[in-house]
1. When you scan region 423-444, how many residues do you find that are among the small types (Gly, Ala, Ser), more than 8 Å from residue 468 (Cβ to Cβ) and not assigned by TED's automatic domain parsing to the domain that holds residue 409?
2. Quick one: residue 268 ticks every box in (1) surrounded by fewer than 16 Cβ atoms within 10 Å (Cβ to Cβ); (2) at pLDDT below 95; (3) more than 30 Å from residue 357 (Cα to Cα) bar one, so which box is it?
3. Any idea how many residues of region 117-134 are surrounded by 24 or more Cβ atoms within 10 Å (Cβ to Cβ) and free of Cβ contacts under 8 Å to residues at least 24 places away in the same chain?
4. Quick check on my filter: what residues within region 135-160 are surrounded by fewer than 24 Cβ atoms within 10 Å (Cβ to Cβ) and either free of Cβ contacts under 8 Å to residues at least 24 places away in the same chain or not in a loop (DSSP other than H, G, I, E, B) (or both)?
5. Only one residue in 221, 169, 175 is at pLDDT 95 or above, surrounded by 24 or more Cβ atoms within 10 Å (Cβ to Cβ) and not small (Gly, Ala, Ser), so which one is that?
6. Take residue 76 and tell me if it is in contact with a strand residue (DSSP E or B) (Cβ under 8 Å, 6 or more places away or on another chain), acidic (Asp, Glu), more than 27 Å from residue 229 (Cα to Cα) and not assigned by TED's automatic domain parsing to the domain that holds residue 386.
7. Looking only at region 72-87, filter to residues that are in contact with a Ser or Thr (Cβ under 8 Å, 6 or more places away or on another chain) and either among the hydroxyl-bearing types (Ser, Thr, Tyr) or not in a loop (DSSP other than H, G, I, E, B) (or both); which one of those is farthest from residue 333 (Cα to Cα)?
8. Collect the residues in region 413-451 that are basic (Lys, Arg) and over 15 Å from residue 335 (Cβ atoms), keeping them in residue-number order.
Amino acid sequence: MNDMSLTNLQEGKTTVSAAAIEALAGQQRGSVLDASDASYDEARAIWNAMIDRRPGLIVQCAGAADVVNAVRFARDNNLLVSVRGGGHNIAGNAVCDGGLMIDLSSMKALRVDAAAKQAWVEPGATLADVDRETQSFGLALPTGINSTTGIAGLTLGGGFGWITRKFGLTIDNLLSADVVTANGELVRASPTENPDLFWALRGGGGNFGVVTSFEFKLHELGPQVISGLVVHPFDDAQTVLEQYRQALETAPDELTCWAVMRQAPPLPFLPEQWHGKEVLVLAMCYCGDLEAGEKATAKLRAIGKPIADVVGPNPFTGWQQAFDPLLTPGARNYWKSLDFIEFSDATIGILTDAVRELPGPECEIFVGHVGGAAGRVAVDATAFPQRNSHFVMNVHARWREPQMDRACIGWARNLFEAAKPYAAGTAYINFMPEDEVDRVEAAYGSNYQRLAEVKRRYDPQNLFRMNQNVRPAEGLGVAA
């Protein structure tokens with residue numbers, strides 16, 4: 001490699017010698033890439049095709065020591081740093097322009113202790129990797145709804161999905177983490193070791209270091225759950241959503257039901273005349289006794305006159321992948337998200353009006369049903385603040401052609417502004433796009449100041465800023 005001009009923390013350029021880069025490469029078990037390498041373009045590509053950034057260097061780490069070396073190299077050369085786990089984050093913060101990208105995607109080791117009901121997971125693992133390994137032992141970790149998502153980013157932002165109401169958020173099941181901090185030190189964060197760091201990692205995103213290993217608590221589950229879809233004509237959406245809201249008031253923790261509004265994909269169980277037409281889908285999962293699940297889902301399945309009902313016993317690993325075909329990489333994506341304590345009539349009206357103006361066949365709105373065990377954790381127990389939210393709305397604009405950017409992004413923003421007066425004020429940081437930097441403090445609410453203090457202690461120079469950034473509290477360091 002030659003001397004390189006790399007982006008620094010002041011958004012200028014720093015020249016790094018070829019000798020220094022070669023020394024870094026010589027320390028690593030993994031690879032160090034630049035734009036001349038054949039695998040460079042593949043390494044910088046991530047899930048959201050709107051993100052097209054070109055790092056100066058990509059360090060593909062094979063273990064914790066590689067991460068330590070990469071962080072020290074970035075620190076010593078004052079370089080802009082991004083960290084890639086699964087590369088699934090909507091904002092695209094895994095990739096930086098001109099700086100150093102720390103790529104963890106090869107670190108996929110996963111070990112389950114079935115007797116202790118615990119798992120140790122490296123940050124490159126996907127949710128599918130976690131599900132496959134844990135379900136082999138009849139155990140599960142509550143995670144998200146798209147199995148290609150990386151476990152690291154999901155966990156650090158909170159993590160919720162089909163079994164959260166029963167078992168809590170992903171962070172509520174985090175027992176410890178190994179973290180490389182901004183000074184290049186590998187430390188353990190747990191309730192007894194660096195407890196302030198442990199608090200911040202549970203919802204505070206990638207602000208505080210690079211996690212090289214997660215230790216999780218697991219729960220008995222499966223191999224089957226009651227799950228599936230009930231598809232309704234969109235003309236019935238208002239009534240169906242009102243009854244959906246009412247049915248959830250008495251739902252047990254084992255039952256989760258999300259509402260999805262979009263044009264119907266060509267699903268094999270849907271009559272062909274419905275393909276491409278607007279529909280309302282109730283997607284449900286009961287994570288308990290199968291017979292009890294049949295009874296618990298009955299009220300939701302009795303709503304309205306559905307086009308199709310395919311709810312029944314399914315392998316949990318299969319249900320975790322049910323939405324993957326609608327979320328494949330390669331499309332352009334832009335999201336807007338709001339938390340709701342109540343799913344009001346006004347909100348329902350705003351959402352249904354927006355679905356009548358969908359700008360493209362892959363655009364959708366989903367309303368995630370949360371609460372339950374996740375809502376019984378104190379707001380200040382973890383960095384994740386929105387414990388009172390019973391619903392999370394994500395406006396998911398998705399399209400293929402750049403000329404559709406304006407229409408799709410505008411649609412999502414308009415819906416967000418219309419629904420915002422009825423929302424809780426917090427936000428799920430994993431659903432926030434890159435243009436919402438001004439929303440971070442509000443997203444964390446009363447927890448933000450404590451996060452800023454922890455940031456000042458562990459990253460006073462704001463080395464880890466390619467995230468939904470919490471700036472160090474004033475009084476120490478430079479927060480450029």
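1. The total comes to 1.
2. (3)
3. 1
4. 135, 139
5. On the way: 221 fails: surrounded by 24 or more Cβ atoms within 10 Å (Cβ to Cβ); 175 fails: surrounded by 24 or more Cβ atoms within 10 Å (Cβ to Cβ).
Criteria check complete, one pass: 169.
6. So residue 76 does not fit the description; no.
7. Initial filter on region 72-87 (in contact with a Ser or Thr (Cβ under 8 Å, 6 or more places away or on another chain)): 77-80, 84-87.
Narrowing further to those that are either among the hydroxyl-bearing types (Ser, Thr, Tyr) or not in a loop (DSSP other than H, G, I, E, B) (or both): 79, 84.
On the way: 79: 28, 84: 18 Å.
That would be 79.
8. Selection gives 450 alone.
The values are calculated or read from the model by the stated rules, or taken from the named source; none is laboratory data. Keep in mind the model is a prediction, meaning the values are calculated, not measured. With ideal geometry, Cβ positions are generated from the backbone for all residues, glycine too; neighbour counts draw on all protein chains shown.
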